[in-house]
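Colleague: Let me give you the structure first, and then I'll get to my questions.
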Amino acid sequence: MALERGLDLIEVSAKSDPPVCRIADFGKFQYQKEKQARKQKVQQKKTGLKGIRIGLTTAKHDLELKVSQAENFLKKGYKVRIEIILRGREKAFGYNARKKIEEFKSLLSEGVVVEQAIVRQPRGFSMIIGKSN
């Protein structure tokens, strides 16, 4: 039947019993599949991770600027890692670093969820936040 019409016999599902086939133009069939795959790829939600670094001596106003930057990232759909890097003798004051990250968290607006609590890392502390749904 496919040869009479000048079309191709395309196997749709080989696993079923009997196998499912259809009569169509194979080039057009391939184009439709690629078009559908591109559409699904565009609709995928990609969540990236942005980073914001603060220091132990970062002033209140600078923290507020970094908070507004973090909220912009969250609006765009990114997750945000807040890092505090400790240098030299600052490493002895881990409790101050935790306080600074807690202060940063308190300045954030409502609707922000902590996805990873404050974690000690070799060079300091970090925390990951995201937007609540």
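Colleague: Residue check: is L107 in contact (Cβ under 8 Å) with a residue 40 or more places away in the chain and more than 19 Å from the chain's Cα centre (by Cα)? Reasoning before the result, please.
Modeller: Numbers: in contact (Cβ under 8 Å) with a residue 40 or more places away in the chain: yes; more than 19 Å from the chain's Cα centre (by Cα): yes.
When the stated conditions are applied, L107 passes them.
Colleague: Given the conditions (1) modelled with pLDDT of 90 or more; (2) under 19 Å from A59 (Cα atoms), report the number of the one that F73 does not fulfil.
Modeller: (2)
Colleague: Just the residues that are over 42 Å from the mean Cα position of the chain (by Cα) and free of Cβ contacts under 8 Å to residues at least 12 places away in the same chain, please, taken from region 1-16.
Modeller: Of everything in region 1-16, those that are over 42 Å from the mean Cα position of the chain (by Cα) and free of Cβ contacts under 8 Å to residues at least 12 places away in the same chain turn out to be L3, E4, G6.
Colleague: Determine which member of the set Q30, Q116 is under 30 Å from E4 (Cα atoms), surrounded by 11 or more Cβ atoms within 10 Å (Cβ to Cβ) and either under 25 Å from the mean Cα position of the chain (by Cα) or not aromatic (F, W, Y) (or both).
Modeller: Residue meeting the stated conditions: Q30.
Colleague: Please go through region 67-93 and pick out each residue that is closer than 21 Å to R120 by Cβ, assigned to a helix (DSSP H, G or I) and not aliphatic (A, V, I, L, M).
Modeller: G88, R89, E90, K91
Colleague: Go through (1) in contact with a Leu (Cβ under 7 Å, 6 or more places away or on another chain); (2) loosely packed, with under 12 Cβ neighbours inside 10 Å; (3) hydrophobic (A, V, I, L, M, F, W, C) one by one and return the number of the condition A59 breaks.
Modeller: With (1) in contact with a Leu (Cβ under 7 Å, 6 or more places away or on another chain); (2) loosely packed, with under 12 Cβ neighbours inside 10 Å; (3) hydrophobic (A, V, I, L, M, F, W, C) applied to A59, the lone miss is (1).
Colleague: Okay, moving on. Could you count how many residues in region 98-125 are outside any helix (DSSP H, G or I), in contact with a helix residue (DSSP H, G or I) (Cβ under 8 Å, 6 or more places away or on another chain) and either among the acidic types (D, E) or under 21 Å from G48 (Cβ atoms) (or both)?
Modeller: Counting residues in region 98-125 that are outside any helix (DSSP H, G or I), in contact with a helix residue (DSSP H, G or I) (Cβ under 8 Å, 6 or more places away or on another chain) and either among the acidic types (D, E) or under 21 Å from G48 (Cβ atoms) (or both) gives 4.
Colleague: Looking for whichever is of a type in the set (K, R) and in the same structural domain as K91 (by TED's automatic domain parsing) here; the options are R53, R38, R22. Which one fits?
Modeller: Numbers: R38 fails: in the same structural domain as K91 (by TED's automatic domain parsing); R22 fails: in the same structural domain as K91 (by TED's automatic domain parsing).
Result of the check over R53, R38, R22: R53.
Colleague: Of everything in region 21-66, what is in a helix (DSSP H, G or I) and over 30 Å from D8 (Cβ atoms)? Give them in sequence order.
Modeller: The answer is K60, H61, D62, L63, E64, L65, K66.
The values are calculated or read from the model by the stated rules, or taken from the named source; none is laboratory data. Computed from a prediction, not measured in an experiment: that's the story for all the values here. Heads up, the Cβs are rebuilt from the backbone with ideal geometry, glycines too, and the neighbour counts pull from every protein chain shown.
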